[in-house]
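The values are calculated or read from the model by the stated rules, or taken from the named source; none is laboratory data. Values in this document were obtained by computation on a predicted structure and should not be read as measured data. We place every Cβ from the backbone using ideal geometry, glycine too, and count neighbours over all the protein chains shown. For accessibility, only protein heavy atoms count, side chains too; no ligands or nucleic acids. Shrake-Rupley method; radii C 1.70, N 1.55, O 1.52, S 1.80 Å.
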Amino acid sequence: MSNYKEYEHMLLKTYDEAVAFLLQKYGSAQDDYFREKAYQRFMDGEIKSIRKGEHSRTNEGLFCHHIDENKNLNLSNLSFIKVNKIPFESQKKDKLVYCDLIEHAILHALIAYETSQKLGFPGYMFYLIPKIEEWYLDSIIPTSTWEKNCYNKSFLTPEETVNIIKKMQAKLDLPYCNSASDYYEYKKRVAKRLEYGKLATAREKKRKALEQTAKYKEIEKNREIEFQKKRREQFYKTYPNFNNTEVHLGIPRRKLIAILYDHKYKNIYKNKKELELVMKPIMTEKILEELHSVISNIENCKR
């Protein structure tokens with residue numbers, strides 16, 4: 001059976017069934033994720049980091065997944081471990097399972113599906129899916145040896161990549177591109193929006209080089225007004241559901257995350273600060289897209 005067909009079948013399983021399938025496929029871990037003594041010293045505040053066990057199998061192109069991530073978020077993240085007082089039980093070798101990149105995404109999609117996106121979703125949406133897109137759609141081939149191993153292990157063609165992501169997204173009732181060509185067209189639109197930022201930088205350099213005359217200032221003022229108007233029009237054209245909301249072009253990132261928290265995550269995270277911690281590595285563009293999708297679903301429910 002091809003990788004793609006196997007991924008399709010795995011997506012039809014429950015999370016527990018998928019874990020059992022992968023344990024049978026790759027075998028069990030031979031060591032704990034962290035060293036137990038170091039883990040306890042970290043929890044007691046004696047040390048700031050934890051030595052890992054000899055569990056890595058990236059030489060085979062495999063990631064190590066915590067089985068209990070259907071109970072707690074980010075079980076390898078030291079900040080989350082300490083804040084949520086994660087017991088060492090979740091780090092033991094019998095609580096680990098191996099998987100390739102696509103299988104890892106499927107595990108998180110199944111967790112998100114079975115927990116109504118309360119768990120598994122951040123890793124799925126903000127790390128695993130972008131990594132799959134980067135490798136197999138954007139053709140950004142990793143350079144480090146361990147990542148190359150993982151890249152080759154789960155290799156898919158662009159069409160297969162779009163299709164499996166589309167199936168995972170459908171499992172979570174989320175939209176996605178219908179084909180690889182649709183994905184590349186979307187990327188072109190994103191690149192075009194980024195050009196506005198480059199244009200603004202070029203205009204600023206030119207402005208400083210010119211004489212600061214009253215006439216020039218008036219001309220520049222009118223040009224800036226027109227420029228900002230076009231940027232706002234493009235923003236609301238890209239995100240039509242933000243019309244008549246407090247979301248606007250240039251909205252502070254912290255405010256954006258606060259709105260997303262109120263609309264989607266207030267029953268998942270303890271507070272907005274905790275969500276900010278999760279979102280720290282995520283580009284503002286991705287956060288805007290997720291919030292726009294959430295508001296769109298809310299509007300559809302009202303109709």
Next item on the list: Specify the residue that is farthest from TYR186 (Cα to Cα); the eligible residues are those in the stretch 278-293 that are among the hydrophobic types (A, V, I, L, M, F, W, C) and crowded, with 17+ Cβ neighbours inside 10 Å.
Entry: VAL278
Notebook entry, point to check: Between residues in the stretch 161-173 that are in a helix (DSSP H, G or I) and residues that are of a type in the set (Gly, Ala, Ser), which pairs lie under 7 Å by C-beta distance while being six or more apart or on different chains?
Noted result: VAL162/SER179; VAL162/ALA180; MET168/ALA105; MET168/ALA109; LYS171/ALA109
Item checked: Qualifying residue in the stretch 15-27 (condition: of a type in the set (S, T, N, Q) and open to solvent by 10 Å² or more (accessible area, probe 1.4 Å)) -> yes
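Being open to solvent by 10 Å² or more (accessible area, probe 1.4 Å), over 30 Å from LEU174 (Cβ atoms) and touching a His at 6+ places or on another chain (Cβ under 8 Å) is the requirement here; does LYS93 meet it?
yes
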Checklist line | Every residue from the stretch 135-164 that is modelled with pLDDT under 95 and of a type in the set (Asp, Glu) | finding: ASP138
Check: If you scan the stretch 114-134, which residues turn out to be in a helix (DSSP H, G or I), open to solvent by 20 Å² or more (accessible area, probe 1.4 Å) and aliphatic (A, V, I, L, M)?
Finding: MET125
Notebook entry, point to check: Within the stretch 12-35, is even one residue within 27 Å of the chain's Cα centre (by Cα), of a type outside the set (Gly, Ala, Ser) and farther than 19 Å from LEU96 by Cα?
Noted result: yes
Next item on the list: Name the one entry in LYS52, LYS48, LYS71, LYS37 that is within 22 Å of LEU110 (Cα to Cα) and open to solvent by 60 Å² or more (accessible area, probe 1.4 Å).
Entry: LYS71
Notebook entry, point to check: Which of (1) out of contact with any Gly (no Cβ under 9 Å at 6 or more places or on another chain); (2) modelled with pLDDT of 95 or more; (3) surrounded by 11 or more Cβ atoms within 10 Å (Cβ to Cβ); (4) not acidic (Asp, Glu) does VAL190 not meet, given it meets every other one?
Noted result: (2)
